[in-house]
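I have placed the structure first, in the form of structure tokens, so that the comments after it can refer back to it.
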Amino acid sequence: MLAGKPIISAIEAPGNIVEESGAGISCAAESPEELAKAILKMKSLPPAQRAQMGANGREWIIKNRDYKKLAADFLNAVFENSP
């Protein structure tokens with residue numbers, strides 16, 4: 001996502017950051033058919049829309065997964081929950 005490229009995500013995990021950020025297309029994991037559909041859908045999108053997905057992902061990663069922010073979130077969670 002940091003590369004600013006649109007993403008096709010085929011992962012089953014909590015918190016779908018591709019959908020949350022608007023960085024691309026998500027499909028079911030371990031489903032070649034769904035992956036093929038996602039690839040064809042991505043291919044059919046106008047270049048400007050794919051570029052916007054890439055920009056969305058890059059912006060989201062910088063805003064939400066920057067090491068300073070992650071460290072601050074961790075420290076807040078630790079000290080907020082300490083006795």
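The values are calculated or read from the model by the stated rules, or taken from the named source; none is laboratory data. Keep in mind that this is a model prediction, so the values were computed, not measured. Heads up, the Cβs are rebuilt from the backbone with ideal geometry, glycines too, and the neighbour counts pull from every protein chain shown.
Laid out as a table, the results:
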| read-out | value |
| --- | --- |
| Some residue of the range 71-78 being of a type in the set (A, V, I, L, M, F, W, C) and touching a residue at least 24 places away in the same chain (Cβ under 8 Å) | no |
| Subset of the range 31-83 (residues that are surrounded by 14 or more Cβ atoms within 10 Å (Cβ to Cβ) and small (Gly, Ala, Ser)) | ALA38, ALA51, GLY54, ALA55, GLY57 |
| In the range 1-22, the residues that are surrounded by fewer than 14 Cβ atoms within 10 Å (Cβ to Cβ) and on the phi > 0 side of the Ramachandran plot | GLY15 |
| Tally, over the range 12-46, of residues that are in contact (Cβ under 8 Å) with a residue 40 or more places away in the chain and among the acidic types (Asp, Glu) | 1 |
| Helices (runs of 4 or more DSSP H) wholly inside the range 27-83 that include at least 3 residues being modelled with pLDDT of 95 or more | 32-44, 47-64 |
